[in-house]
Amino acid sequence: MEEIPLWYWLIVLFGTGACVGSFYNVIVYRMPRGISLLNPPSHCPICKKRIPLRYNFPIVGWIWLRGKSACCKQPISIIYPIGEALCGLLGALALYAAAGFGADITKPMLDPEKWATAATLFWLLLGAYPVCAIDYKYKLIPDSISVGGIVAGLLISLIPGGVTPFQSLLGATVAGGGLYLLGWIATKLLKKDAMGFGDVKLLAGYGALMGLTCAVETLIVASLLGVILMVPYAKLMARKSKANKGRKNPPENEDAGQIPFGPFLAVTAPFMCLWGNQLFDFYLKFILE
Ligand SMILES: [Zn+2]
């Protein structure tokens, strides 16, 4: 790692991100259809023929085939390579942001703390997409992202220089436990479920990945964002349901106006990972003066 320049690792992380994106394409296609993720191996949805490995490379495979399947020449949606490219860009962004925007990419990145931040950001940025999509659509957060985040955070904390293993453990238990307690109190007060357990596990993961301060900041900023965006959205929904009352068969949307909280957490977390400590210093200065 001593002599390998940053640009090389940026390409590696772009490729890794694109592979994750390719896996997401598989999940998005197979999960709602109840097909296992691993078996059968990737096959053409139209003629059911196996797709050879050489066409399975993210982005490159699609360009190679010029957007048509090799077996039956059916068009393959451009959405797939675009999704892969976006995930690739997020992967490269994780490293470049950790190196510091404007870092010289011809030089190697030696600071282990920056590598720890890059690993954390990679997880946060690429995990944000499934949290947003699945929580929005199915109102749940997959354990592979939330509980997976706790495991990833504890593992990354072993890299010297960043969040220590103790800070990681403390972050997971206090951030997760605190939110659980908040949810419990809110549920008692409002007499209805106020906080999903998925959010608790997700925030515990953020505590393990970023430490307690940044996880708490993520919760606060995400809540503020939620309030700012939810008020006009709830108004819009109220107007819609009023308009629907006049009709004979109002469309079924019993949880209209209810927005899942996971996406707000997921979008806020990468920013707090990068600038949470500065935000905390700024806040301290603000209240001490
Ligand atoms: Zn085919």
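Exactly one condition in (1) free of Cβ contacts under 8 Å to residues at least 60 places away in the same chain; (2) outside any helix (DSSP H, G or I) is false for Leu170; which is it?
For Leu170, the failing item is (2).
Restricting to segment 45-70, and then to whatever is surrounded by 14 or more Cβ atoms within 10 Å (Cβ to Cβ), in a loop (DSSP other than H, G, I, E, B) and β-branched (Val, Ile, Thr), can you tell me which residue is nearest to the ligand (Cβ to nearest atom)?
Among those that are surrounded by 14 or more Cβ atoms within 10 Å (Cβ to Cβ), in a loop (DSSP other than H, G, I, E, B) and β-branched (Val, Ile, Thr), it is Ile51.
Among the candidates Tyr24, Tyr29, Tyr80, single out the residue that is in a helix (DSSP H, G or I), closer than 22 Å to Leu124 by Cα, out of contact with any helix residue (DSSP H, G or I) (no Cβ under 6 Å at 6 or more places or on another chain) and not basic (Lys, Arg). Show your work before the answer.
On the way: Tyr29 fails: closer than 22 Å to Leu124 by Cα; Tyr80 fails: out of contact with any helix residue (DSSP H, G or I) (no Cβ under 6 Å at 6 or more places or on another chain).
The unique qualifying residue is Tyr24.
Inside segment 169-194, can you point out the residues that are within 18 Å of Thr268 (Cα to Cα) and aliphatic (A, V, I, L, M)?
Taking segment 169-194 first, the residues within 18 Å of Thr268 (Cα to Cα) are 171-172, 175-176, 179.
Listed by number, the residues that qualify are Ala172, Ala175, Leu179.
Go through Pro45, Pro40 for me and flag whichever is over 19 Å from Gly17 (Cβ atoms), without any contact (Cβ under 8 Å) to a residue 12 or more places away in the chain and not assigned by TED's automatic domain parsing to the domain that holds Tyr206.
Values: Pro45 fails: without any contact (Cβ under 8 Å) to a residue 12 or more places away in the chain.
None of the other options fit; the residue is Pro40.
List pairs: first in segment 121-143 and buried (at least 18 other Cβ atoms within 10 Å of the Cβ), second not in a helix (DSSP H, G or I), Cβ under 7 Å, 6+ apart or cross-chain?
Pairs found: Pro130/Pro142; Val131/Ile141; Ile134/Leu140; Ile134/Ile141; Ile134/Pro142; Asp135/Ile141; Asp135/Pro260.
Considering every residue within segment 71-82, establish whether at least one is of a type in the set (Gly, Ala, Ser), surrounded by 16 or more Cβ atoms within 10 Å (Cβ to Cβ) and within 16 Å of the ligand (Cβ to nearest atom).
The initial filter retains those residues of segment 71-82 that are of a type in the set (Gly, Ala, Ser), namely 77.
Pick out the ones that are also surrounded by 16 or more Cβ atoms within 10 Å (Cβ to Cβ) and you get none.
No: zero hits.
Output yes when any residue across segment 95-106 is touching an Asp or Glu at 6+ places or on another chain (Cβ under 7 Å), farther than 30 Å from Ile150 by Cβ and away from the ligand (no atom under 16 Å from the Cβ), and no when none is. Don't jump to the end; show me each part of the working.
Here is the first cut: in segment 95-106, the ones touching an Asp or Glu at 6+ places or on another chain (Cβ under 7 Å) are none.
Among the residues of segment 95-106, not one is touching an Asp or Glu at 6+ places or on another chain (Cβ under 7 Å), farther than 30 Å from Ile150 by Cβ and away from the ligand (no atom under 16 Å from the Cβ), which makes the answer no.
Mind telling me which of the residues Ile150, Ile159, Ile134 ends up being touching an Asp or Glu at 6+ places or on another chain (Cβ under 9 Å) and not assigned by TED's automatic domain parsing to the domain that holds Leu90?
Ile159
Scan (1) modelled with pLDDT of 75 or more; (2) in contact with a helix residue (DSSP H, G or I) (Cβ under 6 Å, 6 or more places away or on another chain); (3) farther than 18 Å from Leu219 by Cβ for the single condition Tyr233 breaks and write down its number.
(2)
Assess whether Gly127 counts as being more than 16 Å from the ligand (Cβ to nearest atom) and part of a loop (DSSP other than H, G, I, E, B).
Values: more than 16 Å from the ligand (Cβ to nearest atom): yes; part of a loop (DSSP other than H, G, I, E, B): no.
Here the answer is no, as Gly127 does not meet what is asked.
The values are calculated or read from the model by the stated rules, or taken from the named source; none is laboratory data. These numbers come from a predicted model, not from an experiment. As a convention, Cβ positions derive from the backbone with ideal geometry for all residues, glycine included, and neighbour counts pool all protein chains shown.
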